[in-house]
Amino acid sequence: MKVFRFQQLGIDQLLPTEAPMPVSQAHEVVLRVQALSLNALDLLVIKGAINPELPLPHIPICDAAGTIAAVGSAVSTLAVGDEVTSVFIPRWREGEPTPAKTDNYYRPGLGQPGFLAEYVAVAADAVLRRPTYLSAVEAATLPIAGLTAWNALKYGHPQPGETVLVHGTGGVSLFALQLAKARGCRVAITSKDEGKLARARELGADFTFNYATQPDWVEELRTATGGLGATAVLETVGGDNLRLSLQALATRGRLVIMGLQKGTEAPLDVPMLMAKQANIIGMEVGSVADFTALNQALETTQLHPVVDQVFAANEVQAALRSLEAGSHFGKICLTF
Ligand SMILES: NC(=O)c1ccc[n+]([C@@H]2O[C@H](COP(=O)([O-])OP(=O)(O)OC[C@H]3O[C@@H](n4cnc5c(N)ncnc54)[C@H](OP(=O)(O)O)[C@@H]3O)[C@@H](O)[C@H]2O)c1
């Protein structure tokens, strides 16, 4: 079977090789990988920005969907043929996160081998049955981007009629747009690209702003919301974008931080934070229980994740370069 590994850091180093078929241990299943979705995190892993000491060779890519090809002798919850997705933080089953539950070491593609292989053996509780109406490609977008958007809205808890602000048209933001609209919220979205903003309007966005050409977009958002601003802001950009996010926030609003695109440190306007009596909440993806709740909500709403491009697995380098270029709208996926 085919597996992709890198022996040295860098996209160019990610190459296919042949490997023996994995065998499931007692508590494992063998997943036949059908589709994968790419995340910014995968780029960071491949470039060594997350863990320069990553043991090599490493099989990357955190998110996958597939069918169960074999089950270990102690597995009673899954059967051959079941359609599942991977779980990114498998030890965080439910409840509050703890360092032990969220340890990077147990995350596929990060501390553990990822899914860029035709077959992968994983712990049976590290996969979850997927919504039945979704294709494998669509389902592969759920473990990180879908669940992050779901939990960001849980933490930001906007009510129907209130405004949610999302930045850019990447995977997390577009999921959040769709999920927030399904709850009856109004959604404001920014992008550097007019074409992407037009597509966001087709998905239901109420207010669209070009952050590249509209320097006063925060003021425009404030006007559009009757002076209130956004009850929940999903900070997927980070760095100095935090200043704009706080400006755009309503009094007593929730600023949910998950992105690092503009750096790992951010300025905080403390007088504005106090004046707005705002809540700032950091987050990481979500638990298995959250993922189950997301899947149930998807079965109800029948939302389809926005997939921009699908590459064959052997085009993974081109797919990663496309993600790096930032011209995508939604998710970039791979198929075997
Ligand atoms: N903490 C967590 O749990 C968690 C989970 C998932 C993702 N993340 C992080 O969240 C971020 C977004 O993830 P993603 O998967 O949605 O990424 P993505 O699909 O790569 O989307 C990134 C998009 O952000 C937009 N953007 C870039 N600079 C911007 C700016 N200055 N202002 C507004 N928008 C800007 C661009 O959209 P336009 O082209 O439309 O401008 C870009 O396409 C990444 O940093 C990722 O690592 C964190």
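The values are calculated or read from the model by the stated rules, or taken from the named source; none is laboratory data. Keep in mind that what you see is a predicted model, and the values were worked out from it rather than measured. Positions of Cβ are backbone-derived with ideal geometry, glycine not excepted, and every protein chain shown enters the neighbour counts. In case anyone asks, the SASA skips ligands and DNA or RNA and just uses the protein heavy atoms, side chains included. Shrake-Rupley method; radii C 1.70, N 1.55, O 1.52, S 1.80 Å.
At-a-glance table
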item	result
Per-region count, segment 31-65, residues closer than 30 Å to ALA79 by Cα and either touching a Gly at 6+ places or on another chain (Cβ under 6 Å) or among the aliphatic types (A, V, I, L, M) (or both)	13
LEU153 vs. criteria in a loop (DSSP other than H, G, I, E, B), surrounded by 17 or more Cβ atoms within 10 Å (Cβ to Cβ) and within 16 Å of the ligand (Cβ to nearest atom)	no
Considering residues of segment 197-209 that are open to solvent by less than 20 Å² (accessible area, probe 1.4 Å) and of a type outside the set (Phe, Trp, Tyr) only, the residue farthest from the ligand (Cβ to nearest atom)	ALA205
Failed item, numbered, when GLY326 is tested on (1) within 11 Å of the ligand (Cβ to nearest atom); (2) touching a helix residue (DSSP H, G or I) at 6+ places or on another chain (Cβ under 9 Å); (3) of a type outside the set (Phe, Trp, Tyr)	(2)
Counted residues, segment 156-169 - those being within 24 Å of VAL288 (Cβ to Cβ) and open to solvent by 10 Å² or more (accessible area, probe 1.4 Å)	1
Helices (runs of 4 or more DSSP H) contained entirely in segment 221-324, each with at least 1 residues that are surrounded by 19 or more Cβ atoms within 10 Å (Cβ to Cβ)	241-248, 288-301
Complete set of residues in segment 1-12 that are in contact with a helix residue (DSSP H, G or I) (Cβ under 8 Å, 6 or more places away or on another chain) and open to solvent by 30 Å² or more (accessible area, probe 1.4 Å)	LYS2, GLN7, LEU9, ASP12
Check on ASP193, at pLDDT 95 or above, more than 10 Å from the ligand (Cβ to nearest atom) and not hydroxyl-bearing (Ser, Thr, Tyr)	no
Residues (closer than 18 Å to PHE115 by Cα and charged (D, E, K, R)) located in segment 71-100	ASP82, GLU83, ARG91
Residues that are over 25 Å from GLU28 (Cα atoms) and open to solvent by 50 Å² or more (accessible area, probe 1.4 Å), drawn from segment 42-81	LEU44, LYS47, ALA49, ILE50, ASN51, PRO52, GLU53
Selection count where residues are under 23 Å from GLU94 (Cα atoms), touching a residue at least 60 places away in the same chain (Cβ under 8 Å) and within 14 Å of the ligand (Cβ to nearest atom), scope segment 260-298	9
Close pairs from segment 176-200: first of a type in the set (Val, Ile, Thr), partner open to solvent by 40 Å² or more (accessible area, probe 1.4 Å) and near the ligand (Cβ under 9 Å from one of its atoms), Cβ under 7 Å, at least 6 apart	THR190/TYR211
Residue within segment 17-36 that is within 16 Å of the chain's Cα centre (by Cα) and open to solvent by less than 20 Å² (accessible area, probe 1.4 Å) present	yes
